[in-house]
1. Enumerate the whole-percent occupancy of each 5 Å bin, from 0 to the last occupied one, for all C-alpha pair distances of region A:93-164.
2. Hey, could you pull the Cα Rg and Dmax for region B:142-293, both in Å?
3. Rounded to the nearest whole Å³, what is the per residue volume of the convex hull around the Cα atoms of region B:289-428?
4. Among the listed pairs B:Lys257/B:Lys477; B:Lys343/B:Lys478; B:Lys167/B:Lys240; B:Lys80/B:Lys343; B:Lys66/B:Lys165, give every one whose C-alpha distance is greater than 25 Å.
5. Across region B:402-549, how large is the tail of the calculated P(r) beyond 24 Å, expressed as a percent of all Cα pairs?
6. So if I take the centroid of the Cα atoms in region A:69-142 and the same for region B:122-160, what is the distance between those two points in Å?
7. As a test, work out the antiparallel percent of DSSP beta bridges whose residues both lie in chain B, rounded to the nearest 5.
8. Checking an interface number: how much accessible area is buried between B and A, summed over both chains, with a 1.4 Å probe, in Å² rounded to 100?
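The values are calculated or read from the model by the stated rules, or taken from the named source; none is laboratory data. Because the structure is a prediction, the values reported are computed rather than measured. Cβ: placed from backbone, ideal geometry, glycine included. Neighbour counts: every protein chain shown. Surface areas here come from the heavy atoms of the whole protein model, side chains and all, with no ligands, DNA or RNA. Shrake-Rupley method; radii C 1.70, N 1.55, O 1.52, S 1.80 Å.
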Amino acid sequence: MPEMIRDGEIVSNEWQRLDADSIAENGVPESGKVIVPLAVWQAKKEALKARGDIGVCLDPGEEPEALADDVSALPLVAINFPAFKDGRGYSYARELRTRFGFTGELRAVGDVLRDQLFYLWRVGFNAFEVRDDRDIQEALSGLKDYTVTYQGDVHDPRPIYRRA
Amino acid sequence: MYVYQDHDQTLLEERVAQFRDQTRRYLAGSLSEDEFLALRLQNGLYIQRYAPMLRIAVPYGLLASKQLRTLAHVARTWDKGYAHVSTRQNIQLNWPAVEDVPDILAELAAVQMHAIQTSGNCIRNVTTDEFAGVNPDEIEDPRPWCEIIRQWSTFNPEFAYLPRKFKIAVNAVPDADPALIGVHDIGVQVIRDGNGDTAFQVWAGGGLGRTPMTGQVIGECVAWPDLLAYLEAILRVYNKYGNRDNKYKARIKILVKALGAEKFRELTEREFAELQGGPMTLTDAEVTRMRGYFTDLDYQPAGDGSALRQALDSDKAFSRWFHTNTRAHKHDGYRAVVLSLKKTGRAPGDISDEELEAVADLADRYSFGELRNTHQQNMVLADVRDEDLFALWQALDGLGFATPNFKLMTDMIACPGGDFCALANAKSLPIAEAIQRRFDDMDFLHDLGELDINISGCMNACGHHHIGHIGILGVDKKGREYYQITVGGRGDKVSKVGSKIGPSFEADEVPDVIAKLLDVYLESRLENEAFINTVERVGVEPFKERVYA
Ligand code: SF4
């Protein structure tokens, strides 16, 4: 099983992420942990919701609001970064955690690289599928780039002037 | 000025370590060109036409003398011995080597300087009036708010990968716009609310560049505790909905225009409703702390002014400089002094290592050890006693910084242009110099009065050509350098974009074109009427006619 980072540790990735085409062809597997695109989730929500081993992946342009009623039923939400420079996912993550109170696994997928990990973690991601051509051990150290932050974040909402 | 605490210093040192590691991985080939590009830009490092360029942040333009000395040392050790003041009050080095940048940053960090977010698609250095804190017209010192915004924006995790760059300016002067908030992505106007408390009118969607426009008021009256929550709300709307497909349509101005101010406000208010009153709310203690950093200068009571009066009466050159290059101060007995970096033959805004050191000495001697960079690419010693003005003038004259041309025609803004910048269509520095040489008679320049000529080497408008009373833009015509002229822009009160007068010109024609524009002005002006006011009264047409006759 491929490796990934979850809660600051390297673990094996037991989730399978499927795209719309492969689901159109083969359907959603009967069992096993599966991450499906938002459109699939919306189409088959009633059937999938009961399973408890289905996660949803949001692409840029698909706002978390679409999951507003589902957050408590979802064990995992993935946010896709087709290119690391597209920063919409940062706001989506923050919204999921603070506006919609999502407490499950929030996973960054796609062009996920060491140098963005610290920021991704601060806005609420706790899991990272680091791009597979990169050294995951090295990527892990990206979570420790800074000990000082000025703003509040998902882990501690207090900005520095309210912490003392 | 703001005094770094231990945690601020730690943050800078962590940044140096991070960037050192990124540079190492890039040079070792484990970071791709494109990945490193985004990282180095967020650290102000461009790869330019001939060499890299490193843009060093000068928060709201304010520098301490020890920082000037370090800049001198850095320019001497790792560059060609000079630095450049940019139109966003930063300092640029034009010749550092990529592999030296981590060492340069370490040297800068030792004096609380850095290059964080001076480029890239993130929130850039916050700017303000270069006379902030001493300007008699301001309703309060805007710099504590600038520092509050600086800290909020520094490594803000949510807004590091915006659709495009993002610039914020703060202005606290009621009837003028010295910080150019009208042409910033966000402009913050300090106001008083109904109870006399500090509040903010927040503008969004202004900008120069390819599609110049002035911003719109989004927040009419934001209470001071809510400032950061309101800014965060705007940024979140922009981060989610700004255009990411076409970089020429990616600035917030395009989004505000497309949605309309009404709709943009509605989206902002929705985000704001969730943030207001939350943990981002500013506290009295924090604002008091920040204000404390900007009010501790030890001003002396005014003298009787006789020495100054005498010098003014007896020395015509000093008197001319005094009236042109010094400004009124909040405190009796003090003046703010503009150091002109626009002597003919000097590239606008350039300053050598030795000059940086000399200026640092003058700041220590005459102005509480502080100095400001201005967006017009000059420098300011903001707190000079009347009694010291004559001696300071003599010292500045010796250094070539006493050209009495502040706000006059030869006090031009020019971007580095084709001599340095990889994006340029045309050179800008030789145009500036040709104009300075053609119009070098001080009596003539003083008779002309205030006139802004702004030159950019391309559409990116780093030289703010749109808001020059006369704007000059380098364009490419079949591989040759041409210059397009605009008239009637202004960046002094409410910013306004100038109008093109017609087809563009070759470089050697430009001084003649300027001469014709000036002729029309001199023939048409009313008594004491400035160039820009004449243009607004008679319109652009007579200028066009003369130039293309
Ligand atoms: S205006 Fe163009 S040429 Fe001038 S510095 Fe900016 S990008 Fe370079």
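1. 3, 16, 24, 21, 19, 11, 4, 1, 0
2. 14.8, 45
3. That works out to 133 Å³ per residue.
4. B:Lys257/B:Lys477; B:Lys343/B:Lys478; B:Lys66/B:Lys165
5. Tail of the P(r) past 24 Å holds 25 percent of the pairs.
6. So the two Cα centres are separated by 31 Å.
7. That works out to approximately 80 percent antiparallel.
8. 3700
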